[in-house]
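Below: one structure, written as C-alpha cells.
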Amino acid sequence: METTETPVLSGYDGYLFDLDGVLTPTASVHMLAWRTMFSELFAQWGVDVPYSDADYFASLDGKKRYEGVQSLLATRDIELPYGSPDDDPGNTSICAIGNLKNVVFLRLLELEPVAPYVGSVHLLNALRGSPLAVVSSSKNAEQVLVSAGLRDRFAVVVDGSVAEREHIPSKPAPDMFRTAAERLGADPAKCVAFEDALSGVASARSAGVALVVGVDRGVGEAALLREGAHIVVEDLDAFL
C-alpha cells in the first residue's frame, strides 16, 4: 500500500510510536554518544576505518544496545566476549561497551534536556483518547518520556528494558511491535506504526502492521521505502 498521498489516520485500533527520532530528537543525542565513544575506542585500538555516522544508520539505529555494538564491531572484524549486562562500563566486552555508551548518553542528556518534536506533539494531541504505545529499543525510554513530558500520553511502553526482561527479540524482528499491539488489545493488522529507523520499519512491516509510516530524520526516503514503509513524511504534522 505504498502511496504518495498522506492517508487519514482515523479508524485504526492502535498507534505505535518509536521514540528516538519520531517523538523526541534524542536520536541526535544517541548519535553523538555513539560517535564520541566509538571514535575514542577506535583511536585506542588503532582501527584503520574510523567511525562515521553511516555506521550509526547501518549498525546501531533502532537496535538493542548490545546487539548494535556487536553488529558494528563485526564490520571492523573486532571480536570480543559478549560479557554480562552487569559488566562495568569499559572496552573489555560487548556489554561493557554498551554500558559505556549509556553512561555517555545519560551525561549528554543531562547537559541538554530533551524536548519533543512540535509536530509529534500536535499529532498526539489530535489522537488523544486513542490507544497509544511506544515501541523503542532504548533502555532509557521511560526516562526520556518523562523528561519530554510525554509519559502520560501512552498506555503501553515496550522498550529495551522490557524486551531484555521478557526475552522479546529486538527490532528488526517483529516481536516488539506485536507485543505492544497485543498489550493495547489491538490487532497489528489494524494499527499504525511510526518509525525513523530502517530496522524499525522492517520490524513493523514484518509484524503485519497495517500502515507503516517512515519518518525521514536523515536516513532517506528511498531507504525507508525500500525497507517497507508504506509512506514517508518529514514530520508527523503532515497528518494534520
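In table form, for the structure just shown:
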| quantity | calculated |
| --- | --- |
| Shape of the range 119-227, Cα gyration tensor, a/c cut at 1.5 | rounded |
| 5 angstrom amide H check on THR24, placed H, neighbours 5+ away | TYR117 |
| VAL8 versus ARG76: modelled label distance in nm, points set 7 Å from Cα along the beta carbon direction | 5.2 nm |
| Over the chain, relative contact order from alpha-carbon pairs under 8 Å, at least 6 apart, % | 25 percent |
| Accessible surface, per residue, of the range 151-232 when the full set of protein chains is kept, probe 1.4 Å, Å² | 37 Å² |
| For ASP61, residues with placed amide H under 5 Å, excluding near neighbours | none |
| Radius 12 Å from Cβ of GLU195, net charge of other residues (Lys, Arg +1; Asp, Glu -1) | -3 |
| Packing-based order for 22-28, 137-143, using average beta carbon neighbours within 10 Å, highest first | 22-28, 137-143 |
| Built amide H within the under 5 Å cut-off of ASP159, gap 5+ | SER136 |
| The range 165-207-the range 35-85 distance, computed between alpha-carbon centres (Å) | 25 Å |
| Simple spin-label estimate for HIS122 and ALA223 in nanometres, 7 Å along Cα-Cβ | 2.6 nm |
| Solvent-accessible ranking of PHE17, PHE57, PHE239, largest area first, probe 1.4 Å | PHE57, PHE239, PHE17 |
| ASP235 paired with ALA189, simple spin-label distance in nm, labels 7 Å along Cα-to-beta-carbon | 3.7 nm |
| Whole-Hz ³J(HN,Hα) from phi, Karplus 6.51 cos²θ - 1.76 cosθ + 1.60, for the range 184-189, glycine and proline x | 7, x, 10, 8, x, 5 |
| Kirkwood hydrodynamic radius of the range 15-133, Cα pairs, Å | 15.6 Å |
| Cleavage-rule hits (GluC sites (Glu not before Pro)) in the range 1-83: DSSP loop, at most 11 neighbouring Cβ within 10 angstrom | GLU2, GLU5, GLU79 |
| Calculated [θ] (222 nm, deg cm²/dmol) that DSSP helices of n ≥ 4 give over the chain, each run adding -39,500 (n - 2.57) | -12500 deg cm²/dmol |
| Carbon plus sulfur fraction of accessible area for the range 11-138, probe 1.4 Å, in percent | 53 percent |
| At q = 0.13, 0.23, 0.28 Å⁻¹, base-10 log of I(q)/I(0) for the range 169-234 (Debye sum, equal scatterers on each alpha carbon) | -0.29, -0.84, -1.13 |
| Straight-distance crosslink candidates among lysines, where the alpha carbon sits under 16 Å from LYS63 and sequence neighbours closer than 8 are dropped | LYS101, LYS139, LYS171 |
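The values are calculated or read from the model by the stated rules, or taken from the named source; none is laboratory data. Keep in mind it's a predicted model, so treat the numbers as computed, not measured. Don't worry about glycine lacking a Cβ; one is built from the backbone with ideal geometry, like all the others, and counts go over all protein chains shown. We work out accessible area using only protein heavy atoms, side chains counted, and drop any ligands, DNA or RNA first. Shrake-Rupley method; radii C 1.70, N 1.55, O 1.52, S 1.80 Å.
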